[in-house]
There are 2 protein chains.
Amino acid sequence: MKVSIIGFGLIGGSIALNLKLVNPSIEIVGVDRDESNLDYAATHGFCDVPRGTIGEEVAGSNVVVIATHLDAFVPVAESLVRVLSGGELVMDVGSVKGWVVNNVKPIFDEAGISFVPAHPIAGTEKSGAMNAVKGLFDGARCILTPSSNLPEEVKRARLFWELLGSRVEILDPYEHDSIFSQVSHLPHLIAYALVDYVLARDEGAALNYAGGGFRDFTRIAASSPAMWVEIFKKNREFVLRDLESFISVLQRYLEDLKRRDWEALENILDRVSKERAQMRF
Amino acid sequence: MKVSIIGFGLIGGSIALNLKLVNPSIEIVGVDRDESNLDYAATHGFCDVPRGTIGEEVAGSNVVVIATHLDAFVPVAESLVRVLSGGELVMDVGSVKGWVVNNVKPIFDEAGISFVPAHPIAGTEKSGAMNAVKGLFDGARCILTPSSNLPEEVKRARLFWELLGSRVEILDPYEHDSIFSQVSHLPHLIAYALVDYVLARDEGAALNYAGGGFRDFTRIAASSPAMWVEIFKKNREFVLRDLESFISVLQRYLEDLKRRDWEALENILDRVSKERAQMRF
């Protein structure tokens, strides 16, 4: 079995690392412009064929995973269709799926190459193959958003992620984008905004007093800004919808505070905290 | 040594539990209207004298800790001054200090009883003595906000918290309130608002897909709403300031998204993520 991974960062590296743990005989072709990712992976035994650019080594792979930032997906797809032989299954791992279906999938469709958009719900606020995590996908959801009905491709995609321990689910690409705008993209934007605000007030003096709540709350604000701006860009419509609506919720709370309507505020918080306490992750 | 704890919840219970771990011979008087807190603590050996109301048992304590919700502070103080003999050091553990200095401290001052406002920076999203945590204050900050200069009282207060392993700091009460509005009160309000918003959209369907980021981000939204509304009420001026300013930051991001000004957004996020990645907690 041969798997090619284009973009050997935290996610790409973790896929390679965990494939090797499942079966050391799986051959990993790694493509990354950043030598330090591939050097680290090669030294630690989870990249067999390190390459700076996409070449013929990826041809004949069982699976090719596109794990670069979103802004490289189109040129990567254009490079891949020039070298692939046609029997490969290509998947991406991007956090936005409608844009991928509209802009990336057609490139593979036209070349007659199987492509299934995928989104493993896993990651950390860190970057790079040196931060690859053992068991990152184990028990985690992986969403597939195949827009056309090709059962064989979906079956192959499903098997790949199940090999890594993921629980595979199928969603409509836009349903996916609406959901992850709410539970991931908006929270990231808010976390950035909170740190932004506290840094600006009194030269960030309050940050010396931040505790565990603030730490957990803003952990995701350390995430790669280049990656996140691409996500906001590619999921702009849903992020705009959610940010605008979220501001309205805050404005409602602000009005309650201004009017000293403590009962209204407590009723809201009461309902919310009960629901939150019941959530299981 | 005798320590009385008025309000035997998560914080009060954790103080008692950890005092007993330091020195089992410290006598703990526990006062709580909720019998289940005291039953649990008595059964588990961290409450020696359980009482439903404040009575003469608290007189002669070395330290009396007020650990009820903020809305009970004034009646508790009024009850305490009727039974205390004068040699006790009273402290509260409330999350707001300006209000305590203005509304609670005068009651003790008038009665000639030593009072030092304190705020241990510790806690979880849970409530009740049954959720008391071993080592909760160990290595954690404890802020004292003595508004007048009484070195002996402050020395006694400091020793008490150091016994529990805390790092004691002195702050002006309003400086305290400004700081904790930013790093604690505002984040709680935002976490509540985010869960509120996602619950309201599509009947909360997206919550089924929430991952580790959302979990950490909204953990504090499970906190006691009655307690938090009291905090917002008592620290209303600073919370209003911070909520209003935070909404402006989000509106700026919204404008960038609307105008597709990705460069502006990336510049902001770049600066913020670098600062956040350097923070140590």
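Any read-out appearing in this document is the output of simple, stated calculations on the displayed coordinates, not a laboratory observation. Because the structure is a prediction, the values reported are computed rather than measured. Please note: Cβ atoms are built from the backbone with ideal geometry, for glycine as well, and neighbour counts cover all protein chains shown.
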Requested in this report: Could you pull out every one of the lysines with an alpha carbon less than 17 Å from that of B:LYS126, ignoring same-chain neighbours closer than 8 positions?
Outcome: A:LYS274, B:LYS134
Query raised in the report: Whole number please: convex hull volume per residue of the Cα set in the protein assembly as shown, in Å³?
Result: 155 Å³
Query raised in the report: For segment B:166-182, what does the Karplus curve 6.51 cos²θ - 1.76 cosθ + 1.60, with θ = phi - 60°, yield as ³J(HN,Hα) per residue in whole Hz, taken in order and with x for Gly and Pro?
Result: 6, 9, 8, 10, 9, 9, 5, x, 7, 5, 3, 5, 5, 5, 7, 4, 6
Report summary line: Restricting to lysines and to Cα separations under 25 Å from A:LYS105, and discarding same-chain partners fewer than 8 apart, the set is A:LYS2, A:LYS97, A:LYS155, A:LYS233, A:LYS234
Requested in this report: Determine, at each q value in 0.11, 0.15, 0.16 (inverse angstroms), the log₁₀ of I(q)/I(0) that the Debye formula gives when each Cα of chain B is one equal point scatterer.
Outcome: -0.70, -1.15, -1.27
Query raised in the report: Are there trypsin sites (Lys or Arg not before Pro) in segment A:76-166 that DSSP puts in a loop and that have at most 14 other Cβ atoms within 10 Å, and which ones?
Result: A:LYS134
Requested in this report: Just flag the trypsin sites (Lys or Arg not before Pro) in segment B:225-281 sitting in loop per DSSP whose Cβ has no more than 12 other Cβ atoms within 10 Å.
Outcome: B:ARG259, B:ARG260, B:ARG280
Requested in this report: Quick one: order A:SER61, A:SER147 by neighbouring beta-carbon count within 10 Å, fewest to most.
Outcome: A:SER147, A:SER61
Query raised in the report: Any idea what the B:ALA226 label distances to the other copies are, label 7 Å down the Cα→Cβ vector, nm, shortest first?
Result: 5.2
Query raised in the report: Which far-off residues, 5 or more places away or on another chain, put their amide H under 5 Å from the one on B:VAL90, with H placed in the peptide plane?
Result: B:VAL64, B:SER114, B:PHE115, B:VAL116
Query - Residue of B:GLU162, B:GLU110, B:GLU266 that the Gaussian network model of chain B assigns the largest fluctuation, springs spanning Cα pairs under 10 Å - result: B:GLU266
Requested in this report: Let me know the mean shielding of A:172-179 by other chains, meaning the per-residue number of their Cβ atoms within 10 Å of its Cβ.
Outcome: 2
Query - Convex hull (Cα only) mean projected area of segment A:56-133, reported in nm² to one decimal - result: 5.5 nm²
Report task. Using only atoms on other chains, find how many Cβ atoms lie within 10 Å of each Cβ of peptide B:218-229 and report the average. Result -> 6
Query raised in the report: Applying the Karplus parametrisation 6.51 cos²θ - 1.76 cosθ + 1.60 with θ = phi - 60° to the phi angles of segment B:236-245, what ³J(HN,Hα) value in whole Hz is obtained for each residue in order, glycine and proline being reported as x?
Result: 3, 4, 6, 5, 4, 3, 6, 5, 4, 5
Report task. Of the options A:LEU254, A:VAL195, B:HIS44, report the single residue whose Cα projects farthest towards the positive end of the charge dipole of the protein assembly as shown (beta-carbon charges: Lys, Arg +1; Asp, Glu -1). Result -> B:HIS44
Query - Label geometry 7 Å along the beta-carbon vector: B:PRO24 inter-copy distances in nm - result: 5.2
**Report entry** Residues with amide H under 5 Å from that of B:VAL168, placed H, sequence gap 5 or more
**Finding:** B:CYS142
Query raised in the report: Chain A: which residue's Cβ hugs the A-to-B rotation axis most tightly, distance rounded to whole Å?
Result: A:ASP216, 2
Report summary line: With the convex hull built on the alpha-carbon atoms of segment A:175-278, volume per residue in Å³ sits at 139 Å³
Query raised in the report: Which distances, in nm and shortest first, link the B:ASP202 label point to the same label point in every other copy, taking 7 Å along Cα→Cβ?
Result: 4.1
Report summary line: For segment A:108-119, in residue order, the Karplus 3J(HN,Hα) values (coefficients 6.51, -1.76, 1.60; θ = phi - 60°; whole Hz; Gly and Pro = x) are 6, 4, 4, 8, x, 10, 5, 9, 10, x, 9, 9
